[in-house]
Every structure is written in C-alpha cells, then in structure tokens.
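Report on one structure; see the data block that follows.
The values are calculated or read from the model by the stated rules, or taken from the named source; none is laboratory data. If you're wondering where the values come from, they're calculated on a predicted model, not measured in any experiment. Reconstructed Cβ throughout: ideal geometry from the backbone, glycine too, with neighbour counts over all protein chains shown. Side chains included, ligands, DNA and RNA excluded: accessible areas come from the protein's heavy atoms. Shrake-Rupley method; radii C 1.70, N 1.55, O 1.52, S 1.80 Å.
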Amino acid sequence: MTGETEAAMRGHLIRDDGQEDVLIATYSLSTGLERTTALIRSVILPRGGERHVHGTASFTSAYVLRAAHEARTAGHGLVLLHSHPGAEGWQQLSSPDRETESEYERVARTATMMPLLGMTLGGHDTAWSARFWFDRSAPTWAESVRSVSPTLAVTWNDDLRPVPGVTSSQERTVSSWGERAQGSIARLRVLVVGGGSVGLDVSQRLAATGLVTVGVMDYDAVETQNLDRMIGATRLDAALERSKVDVAARLMRSAATAAHLDVCRHEVSITDPAGVSIALDYDVIFSCVDRPWPRAVLNGIAYADLIPVIDGGIAIDTFKDGRMRNGIWRAHTLVPGRPCMACIGQLVAGDVSLDKLGLLDDPEYIQGANREAPSRQNVAALSASVSSALLAQFVSLTAHPGRRGVPAPLRYILSTHTLEHFPATSGPYCAYENATTTGDRRTPIAEHSDDWQNIVATRAAKKRPLRLRALAKLECFVQQAINRLAE
C-alpha cells in the first residue's frame, strides 16, 4: 500500500478512546512468477450505523454489502480490516475474528470473484498483518505487509520469513542502524537490473550488507572492453564470455556476510514479460541500465506495482580533442511521493519507441535525424560514485536516517563540484504515477522478443578452447578449496 493509504487506514483504526475499530478497503492483484501481492486501492469508510464499537468492534452486513458492490463495480477485491489497540508485531487471528472473516469469505468471493483479504493493525507499534481467504476452512498468511512512500516500512511474518541471525562479519553494519533495522533490511528481496559496472558493485555491497536474497538480471556477457569498469571481472571471464549474472553471483558469494546467501541469477531481459514477472517477486529494485526501454518498464513497475525502484546513471561530456569537459551523475528513488523518471526529464517517451526499433544504435538514423548518439561512457574512477549514490538512496529508503526517507532527485556536477536537489515535481497528468496500484492491469510496456533469448542460446552453445575450459575448472576447484578451508 502507499504511505498515504496506510496513514488513512491507520488514522481510522487507531482510536483516541482505545477501543477496537473496523474498516473496509479494496485491492487489486500484482502477480509475479512466484509471488502474488495485494495492492490496496481505495478505503471505504463506514457510514453511521454501519459498524458497532463496544470495546471490540464488528461490521454490519449493510457495510460489507455496500463495500462489496463498490469493489465489484471497480473490478477490485475486498479487504476487511480491524485493529488490536494494545498489540504489537504480526497478529494472529482470535476465534471471533477468524469466524467473522470466514463468514464473509463467501460474500466477498460471490460479489467480486476474488478471495477475501483480511488485515489486522497492532496499535502499539502500528504493525500490520494480512491473510488471503481462498476458502472458508483456513487463511493463507502473507509473508509481509509493505507501506511504500519515501520511507519503506515492512511488517514481517516471522514464521514465513524468519529474522536472519547477525553474524560476526556484520557487527559494524549493525552498529550503524541497530539490530531491528538490520533484521528488516536483511530480509528484503532486492533485484539489481543490469550487471555492468554499477550493477556489479551494487550487488556485491548488498551481499556484504547481509541481505539473504539478492537477484541480478542481465542477459549480456563480459567482454574485454568491460574490464576497465567491471571491478572483479577477470580476463578469464572475458575470454570465456561468461554471463554477467554468473560473474556477479561469484563475487556476491565471496562478499556475503549472511550465514546463507540466496543468489538469484536471471539471464533475461526486463523488457520481456518474463523479466517483468520475475521483477514482481522482489521488494526493491536497483535500475542499473542505460537504455530508455528497460528504464520505462522499471518506471512503470515502481508505481503500478508499488516496488521502489532506485535509479541513476552517469553522463560524461568531452571536448572534440578528447579532453574531459564534465561529468554528471544522478540518483533518485521512484516511489509514490517522488516524481517518476518522465517527470524529472530522465525518460523521453519518444525514445522508448526508437529503442524498441533499434534506431538509437543506428548511425544513419542518428545522423539523418540530427540527433546526438546516446552517451554510455563510464569509467571505473567514476562508476563507484554512481553506485555509492544509489546505495545511499537504499539506506535512506530502508533505514530512515533523519526519518525523512529518500530525498528529491539528486544530481552531482563534477566540473563545478555541485550537488543539486533537482527541482522537478510530478506532472498532474503523468501516465506512470496515475497508474499507481493498477498491478496486473498496468499498461503493458514490455514485449515478447526472441533477440535476448537468441543471444543467451548462442553463447551457451559456443564451444570454448580446451585450455580456457581447463583454466575454468582449475579456478572453480581453487575457489571451492578456499571456501572449505576458510569455514
């Protein structure tokens, strides 16, 4: 849910007189490859006489039926909410609460053709819990409840997503923001889209921070020309044309401080629906791509599916004689309450179509259209500045220093040594932000394509020289031996 929606529901459910209260809302679905998320859409406040408050609280049939009609008309599902004023943490169901939700499960399903969603708010620490009712027998509990705004607040179901133990390698990390914040940050599923210079650095530092699930998405391979930027990639990686996700996985395992790190390798394009389905399984996404089409897809996911996307990049400008004129890098987080990439001028709608057609890589088109070729320059000495800017956004989003969350878009100008808060605001008719919480009903930006699949298949089928394969086996053996001896 958005932070604004969460505040509205909390404001109604937590009463000054300390009594319980009830509320109804609607939801839409966001369906990933393995995870289904309910996105809270609208809050339906009770009218006079539509609920009873007497220490405990209860719905009336009139309230539920009115809300069910509104949900059906909008094509949404139904959410029944109630509060436990003095409680904290993830709440289980009492017998009366279980009976109430079980009784209304059939009403919700009949009216909306979608399962009932039940939610509880613990009033002491404003922690949420949630469960789907797919039938009347028992609920299916959610893994977490996430409130998405410039600050990301997560209530975890410890039974389904246990708190990772703090290891001896994490003492300095925990001392920066405390065990409670570390327990939440470490459980986040974080996806890094783009395994180049910035993405490779970000993924390693996430592993070193103690996260237990980190995914990397990229269908490209390491090349010799990448070695001046991809710190950690080797000449053997380039000679073998190893996939960037494999190299990232190796380096993340080496940097990991969690007792068990789950590295998820995704050799797929985010511009394909298959890549989008994978992305929807994550809690936070790092956008480390430099093309309009993939950035447009991620821009849409941030709002339609309420998954914070941390985006940034670098542009280097040179004189005709090759001397450096300027370097500009930027960082921003896409969440409700902050402008999208289109609103801050980092994404031009027309460029997305050109990127789909491959025209941005066509010298004849660029010359004929009197356009400048896209700048994709990057060097090791400056790419670390971009990754550090993105990671600072992640810390602001999840650890909340200063309690203000992520800042307005930031831009650093190297030639003048100036850090700017970019003065962009959300456009009133922004197609991306107006699609917030649409979930599976989002306007599709991704499209099926065979291009990336052919690249992956061709690389997999290519036979490498025997000496390179022998070196790869030796490298693997040495690494395994080191890991065993270091345990």
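Express the accessible area of the range 123-167 per residue in Å², computed with a 1.4 Å probe while the remaining protein chains stay in the model.
Value for the range 123-167: 43 Å² per residue.
Keeping the other protein chains in place, figure out the carbon and sulfur percent of the accessible area of the range 42-145, with a 1.4 Å probe.
The nonpolar share, carbon plus sulfur, comes to 54 percent.
Three principal axis extents, largest first, for the C-alpha atoms of the range 1-69, in Å?
In descending order, the Cα extents are 44, 26, 18 Å.
Given a 1.4 Å probe and every protein chain left where it sits, what share in percent of the accessible area of the range 272-352 is carbon and sulfur?
Of the solvent-accessible surface of the range 272-352, carbon and sulfur hold 55 percent.
Binning at 10 angstrom from zero up to the longest distance, how are the C-alpha pair distances of the range 53-107 distributed in percent?
All Cα pairs considered, the percentages come to 18, 50, 28, 4.
List the chymotrypsin sites (Phe, Trp or Tyr not before Pro) within the range 390-487 that DSSP assigns to loop and that have no more than 10 neighbouring Cβ atoms inside 10 Å.
Listed in order of number, the matching sites are 429.
Ignoring ligands, DNA and RNA, please state the percent of accessible area on the range 213-269 from carbon and sulfur, probe 1.4 Å.
Looking at the range 213-269 in its full context, I get 44 percent from C and S.
Taking the Cβ of residue 246 as the centre, find all other residues whose Cβ is under 15 Å away and add up their charges (Lys, Arg: +1; Asp, Glu: -1).
Charge balance near residue 246 sits at +3.
Any idea what the relative contact order of the chain is, in percent, if you count C-alpha pairs under 8 Å spaced at least 6 apart?
Across the chain, relative contact order equals 14 percent.
Please work out the FRET efficiency for the pair residue 457 and residue 482, using the Cβ-Cβ distance as r and a Förster radius of 30 Å; give the result to the nearest 0.05.
0.35
I need the helices of the chain that pass two filters: whole DSSP H segments spanning 24 Å or more by Cα along the axis, and mean Kyte-Doolittle score no lower than -0.5.
Those that pass (Cα extent of 24 Å or more, hydropathy at least -0.5) are 380-399, 466-486.
With a 1.4 Å probe and every protein chain left in place, work out the accessible area per residue of the range 245-291 in Å², rounded to a whole number.
33
How are the Cα pair distances of the range 15-118 distributed, in percent, across 5 Å bins from 0?
Taking all Cα pairs of the range 15-118, the binned fractions are 2, 12, 22, 23, 20, 12, 6, 1, 0 percent.
Determine the distance separating the Cα centre of the range 248-297 from the Cα centre of the range 382-415; give it in Å without decimals.
19
Highest mean first, how do 284-293, 180-189 rank when packing is the count of other Cβ atoms within 10 Å averaged over residues?
Those peptides, ordered most packed to least, come out 284-293, 180-189.
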